[in-house]
Every structure is written in structure tokens, then in C-alpha cells.
Amino acid sequence: MIPIKTIDRLHPTAEAFGKVILLGEHSVVYGHPAIAAGLPQGLRLTAEPLPDSAAPIELEIPAWGIDLALRPGEVHPVAMSALAVLSACKGPRSGWRVRGESSLPARAGLGSSAALTVALARLVLGPDAPVDAVIEASMVGERIFHGQPSGLDSAVAARGGVLRFVRGEPTQEIALTAPIPLLIFPSGVARSTAVEVGKVRARRERLPSIIDPVLGALGAAVESGIDAILRNDLEGLGEIMNVSHELLSALDVSAPALDHIVERARAHGAPGAKLTGAGGGGCAIALPPADPAPLLAASRAAGIHPLQVEVWR
Ligand code: MEV
């Protein structure tokens, strides 16, 4: 899938989606389905050649605080991951400046690492590259960031839309009949996907007879959630999101900051609210109440600045 011949130039621009997981994080690692949606404000990279073709690649994404020279042997995870993707695509390893723009926060559960690895793969492979080749190259970088990711984030970053994803199976687009409005609340609490995935693995090893049914229930919530989405039943979807948050708490991947956001959203009439992504910090999401203004004001007063999005095909 990935080219076997070396490619010595980058395309001028490349894009990737951010992602928001509606249902099924963590259980997706164990083969259960998940639903996730692409966020169009993900990442846009532009590339230009440096005067010295032997100089290290410069990677600068001001919105994410990234300003790195990609020297071989570099131990910064972003540099290691970026070089691994370029290498997997047989792309250049020197002589380029790459600059990125994003309106999403980084390391917040909104798919910034997958957006970076997908966009880098597209800089080498081009805008018309088969999506599976782009995902395959992105996964090389994602494994450096996150250990053994399910592949959900790379699939959404490359494809966009609203997807039903099962590890190792073809991804399915969910044919929405109307956009789903969402509020995304960045908690401001840093977290690590690898740490949260490791916590679930350790709890499952200690308590398999308890944790396996919880993972199964999270997977069942996805199938019921898809039914609710196809009926455009946002009240029903909201109840399933609420149950999913409690199940994720049973996996020990929530955090006080996320629980506060979820409680505030429900208290202001949100039909459903839950953590999204790996948890431990990062973001929570809610279906907006009929009048979202009081929730938005209360959130801002608490120092949380929500993003208002609609997920759609
Ligand atoms: C992270 O965005 C989603 C997790 O399910 C991990 C994965 O799918 O690899 C927590």
C-alpha cells in the first residue's frame, strides 16, 4: 500500500480532521464498536523547501506549541512520530519547513496526534493517495504516541464524517438524516492516552469477570446509539451517553474535572453528557439543551470555554 520508491519532495499542503468520539472509547480497543466523527478544524499543514536540502525538517505548529527540528535520533515523541511517518511513506527526511494551523486544542482527546500523522502522510503521498495507505502510515506514528491504539483516531482523521469503527474491520459511514449538534468542553487537565488505556488493561487483568461485561455494555451502547442517531432521537442518544459516562467511570478513566463538566451540563438540561477520548482529563461532550446560553455562561464562569460544533457526513 505504502510506496516502495523514495519520494524526495513534499506536496505544498495537506489536511486532516480532528475527531470526537461519541460512544465506545476504550471498549473499541477490545474489539467492540465505536462511533466517532471528524471535526473539520483539525490540521492544515503547508510545506516549503529549505535552502539547505540537508538541513533537518522544521516542524512548527504554533497553536499546539510545537516548534521542532526533526533530527534523526531525536527523543521528543512528536519528532520521533513525525520522522517515523515520513520514513514509512519513503518521504524526505531533511530539507523542508512544515508549518501547521489548527483551531483545536492539542493533547485534549480531539485527535491532534492522529491529525498530525495523517496530514504528514498526505504531505508525502499526496491528496489523492488511497485512504488506507494514509491510515497505515499514520498508525506507524500513532504507535509511537500511544502504544497499541485501536486505529479509530487515524481512521477518523483521514476520512472525516460520522463513522462506526471496529478494530480490523472495514469502517462504515453512518448515514445521518440530520446533523448532530455537540458542545465540546476542554477541561484543561492534561492526560495521556497510553496511561488511561494502561489503567483499563490493568483493571481488566485484575477483575476480568467485572470489567469484560462493562466493556461489552459500552459496545452495546454504541449499537443502541446508532439506532437512536438513525431515528434522529437525540433524547435517546443523550441517555445512552449518560450511561456510557458512568460505565467509563467504572473503568477509572473519568476525572473530577470531567465529572464536574458532565454534572453542570446535565443540571442545565443537556439530554446527555460524557467524557470523550481517553479520559483522565481532556474533553467532555454534551448534546446542547434547548437553550444552551445558561450552560455556556456557567461553563465560561467556571473557566471552561466550550466549542460548539455540528457533526455531519
Ligand atoms: C483514544 O482517542 C481512544 C481510545 O479508545 C484508545 C484507542 O482507541 O486506541 C481510548
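Normalised by the number of residues in region 101-225, what is the relative contact order in percent for Cα pairs under 8 Å and 6+ residues apart?
About 20 percent, as a whole number.
With contacts defined as alpha carbon pairs under 8 Å and 6 or more residues apart, what's the relative contact order of region 1-144 in percent?
32
Taking N as the number of residues in region 177-313, what is its Cα Rg relative to 2.2 N^0.38 Å?
1.05
I want to check a number: in the chain, how many lysine pairs have alpha carbons closer than 29 Å, given a sequence separation of 8 or more or different chains?
5
Name the residues of region 98-136 whose amide N is less than 18 Å from a point 7 angstrom out from the Cα of Asp8 along the C-beta direction?
Correct set: 124-125.
Contact order normalised by length for region 68-168, with contacts defined as Cα pairs under 8 Å and 6 or more residues apart; what percent is it?
With pairs under 8 Å counted, the relative contact order is 28 percent.
Output the Cα-based Rg and Dmax of the chain in Å, rounding Rg to one decimal and Dmax to a whole number.
Rg, Dmax (Cα atoms, Å): 19.4, 60.
Please give the Cα centre distance for region 162-182 versus region 196-264, rounded to the nearest Å.
So the separation of the two Cα centres works out to 18 Å.
Could you state the orientation-averaged shadow area of the convex hull built on the Cα atoms of region 13-173, in nm² to one decimal?
With every direction weighted equally, the projected area is 8.5 nm².
Relative to the present Cα-Cα distance, how much length would full extension add between Asp252 and Ala298 at 0.36 nm per residue of separation?
13.9 nm
Toward the positive end of the charge dipole of region 180-311, about the Cα centre and with charges on Cβ (Lys, Arg +1; Asp, Glu -1), which of Leu182, Ala255, Leu307 goes farthest?
With unit charges placed on the Cβ atoms, the residue in question is Ala255.
Sort Ser94, Ser103 so that the residue with the fewest other Cβ atoms within 10 Å of its own Cβ comes first and the one with the most comes last.
Fewest to most other Cβ atoms nearby, the residues stand as Ser103, Ser94.
When the chain is fully extended, how far beyond the present Cα-Cα distance does Ala217 get from His305, taking 0.36 nm per residue of separation?
28.6 nm
Mind giving me the nanometre distance, one decimal, between the label points for Glu60 and Glu205, set 7 Å out from Cα along Cα→Cβ?
4.4
Just so you know, all these numbers are worked out from the coordinates, no wet-lab data involved. Everything numeric here is computed off the predicted structure, so don't read it as measured data. Virtual Cβ from ideal backbone geometry, glycine too; neighbours counted across all protein chains shown.
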